[in-house]
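One structure below.
The values are calculated or read from the model by the stated rules, or taken from the named source; none is laboratory data. These numbers come from a predicted model, not from an experiment. Cβ atoms come from the backbone with ideal geometry, glycine included; neighbour counts cover every protein chain shown. Ligands, DNA and RNA are stripped out before the accessible areas are found, and what is left, the full protein with its side chains, is counted by its heavy atoms. Shrake-Rupley method; radii C 1.70, N 1.55, O 1.52, S 1.80 Å.
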Amino acid sequence: MKAPLLENLDIKTIKDLLFHIPHRYDDFTIISKIAHVQPGETVTIQGEVLEIKNEYLRGGRKLQKGKIQDETGSIAVSWFNQPFIPKVLSVGQRVALSGRVGEFSAKFTLESPEYEVLLENTPPLHTGRLVPIYPETKGLSSKWLRRQVYNLLSASEEKLSEYLPEEILLAHQLLQLKDALWQIHFPSSYEQVAKARERLAFEELF
C-alpha cells in the first residue's frame, strides 16, 4: 500500500495528487539518432534492445549493461545497482532512453539513463520531453508519481470542470484548469509551464 507513503507528502486525496506540483523538470527534449550523439550531451535516443544483462562486480555490486540500436548505429548503456532492469527491458523491445552521453575506451555510452518501453498510442512520459521531477519520499519515486498523475488526468479530464467565468479567463489570459494541470505536469514547453503556474497561483488566490 502506498497510502502511508503518500501521506508523507501530504497527499491524502485525488485533488492533493493532482496539485502535487513538480519542483523542476529534466530537459530530455533533444531526440537524436545514435550516430549523431556527442560526449557531454543530454539526449534521448530511440531504438531496439540488442543486449541487456547483469554483471557482477567485486564487493557484491551489480552493473547493468546493454546495447541499443537504431538505423544509424548502436550505443552501449549502463546502470549501477539496478538489477531489475534486465527484467523490465528485453531483447527486441523498442525503447527510449534519456541521459548524458559519456565516452569510455573511445566508444560512446549512455550512463544511467532514464528509460521506458515505447508502446503504440501511448506518449512517452519519462523520456523525450520536459520530464517532471516531484518532491519525493523514500519508496515513492518521481517515475511512480508521474505515471499515477498521468493515469489520473487521463481518467478525470472530463470531470475537471472549469468554474471561473469565461470573462475572467480572457481578461487575465489564463489557461483552463484542465489545461493548466496537463501543462504543469506534462508541459509542451517552459512557456506553458509559466502559464500553468500563473493559472494555478490564481487558483490559490481565488
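Just for strands (runs of 3 or more DSSP E) wholly inside region 91-193: which have at least 2 residues that are more than 28 Å from Lys15 (Cα to Cα)? Ranges flagged: 94-104, 107-117.
The set of residues in region 151-171 being touching a residue at least 12 places away in the same chain (Cβ under 8 Å) and open to solvent by less than 70 Å² (accessible area, probe 1.4 Å) consists of Leu152, Leu153, Ser156, Glu157, Leu160, Glu162, Leu164.
Cβ-Cβ contacts under 8 Å between residues 6 or more apart (or on different chains), taken from a first residue in region 24-36 that is more than 13 Å from Ser189 (Cα to Cα) to a second residue that is among the aromatic types (Phe, Trp, Tyr) and part of a helix (DSSP H, G or I), are absent. Taking Asp16, is it outside any strand (DSSP E or B) and either open to solvent by less than 50 Å² (accessible area, probe 1.4 Å) or free of Cβ contacts under 8 Å to residues at least 24 places away in the same chain (or both)? Yes; evaluated as a whole, the condition is true for this residue.
Could you tell me which residue of region 134-149 is farthest from Tyr190 (Cα to Cα), considering only residues that are open to solvent by 20 Å² or more (accessible area, probe 1.4 Å) and under 10 Å from the mean Cα position of the chain (by Cα)?
Step by step, filter region 134-149, then rank; the result is Trp144.
Looking across region 37-59, the residues that are of a type in the set (D, E, K, R) and touching a residue at least 40 places away in the same chain (Cβ under 8 Å) come down to Glu41, Glu48, Glu51. Criterion applied to Leu181, Leu205, Leu170 was being at negative phi and in contact with a helix residue (DSSP H, G or I) (Cβ under 9 Å, 6 or more places away or on another chain), and the one residue passing it is Leu181.
When region 21-42 is filtered for residues that are touching a Pro at 6+ places or on another chain (Cβ under 7 Å) and surrounded by 12 or more Cβ atoms within 10 Å (Cβ to Cβ), the ones remaining, listed by number, are Pro22, Tyr25. Taking the numbered list (1) at pLDDT 95 or above; (2) open to solvent by less than 70 Å² (accessible area, probe 1.4 Å); (3) not acidic (Asp, Glu) in turn, Pro83 passes all entries but (1).
Would you be able to say whether some residue in region 47-56 is under 18 Å from the mean Cα position of the chain (by Cα), at pLDDT below 95 and open to solvent by 80 Å² or more (accessible area, probe 1.4 Å)? No, there is no match, as no residue in region 47-56 is under 18 Å from the mean Cα position of the chain (by Cα), at pLDDT below 95 and open to solvent by 80 Å² or more (accessible area, probe 1.4 Å). Restricting attention to region 188-201, does a residue exist that is open to solvent by 20 Å² or more (accessible area, probe 1.4 Å), of a type outside the set (Gly, Ala, Ser), modelled with pLDDT of 95 or more and farther than 30 Å from Glu41 by Cβ? No, region 188-201 has no match at all.
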